[in-house]
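The values are calculated or read from the model by the stated rules, or taken from the named source; none is laboratory data. These numbers were taken from a predicted model, which means no experiment stands behind them. Cβ atoms come from the backbone with ideal geometry, glycine included; neighbour counts cover every protein chain shown. Side chains are part of the model used for accessible areas, which takes the heavy atoms of the whole protein and leaves out ligands, DNA and RNA. Shrake-Rupley method; radii C 1.70, N 1.55, O 1.52, S 1.80 Å.
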Amino acid sequence: MLEPKAGGTVYDVGSDDSRCMWSRVLAYEPSGRLVLSWDISPRWQLESDPDRTGEVEIRFTAEGADRTRVALEHRHLDRHGEGWESFTGLGSGAGWPLYLDRFRAATQRDAAGA
């Protein structure tokens with residue numbers, strides 16, 4: 001879940017209704033961009049120190065009446081300290097490309113149903 005406002009959080013909800021906050025919303029500009037903190041350590045554990053977190057910026061650029069370019073930048077990985085290089089795998093097929101494909105499929109389903 002994403003709380004759509006700067007200062008909001010991104011969290012998962014467990015089957016027991018527990019919440020796991022794993023990101024903070026740093027910037028929220030509907031139809032333009034979204035910037036999130038990456039509060040996950042190289043050991044895939046939650047990172048509570050904001051000085052040791054990266055950022056994910058997603059930009060949306062209209063390219064026509066029914067086409068939008070989505071650009072994703074995952075930056076400041078070195079802030080995570082030792083082991084940050086393991087995040088470079090997020091650019092592979094099981095990382096950001098997989099989630100961008102899922103996002104595209106979901107928006108196409110939503111547009112078809114509208």
Number of the exception - residue 72 against (1) of a type outside the set (Gly, Ala, Ser); (2) touching a helix residue (DSSP H, G or I) at 6+ places or on another chain (Cβ under 7 Å); (3) over 20 Å from residue 105 (Cα atoms): (3)
Has region 83-93 got any residue that is hydrophobic (A, V, I, L, M, F, W, C), open to solvent by 40 Å² or more (accessible area, probe 1.4 Å), under 13 Å from the mean Cα position of the chain (by Cα) and more than 22 Å from residue 5 (Cβ to Cβ)? no
Positions within region 30-63 being over 16 Å from residue 2 (Cβ atoms), modelled with pLDDT of 90 or more and open to solvent by less than 70 Å² (accessible area, probe 1.4 Å), in sequence order: 47, 49, 53, 54
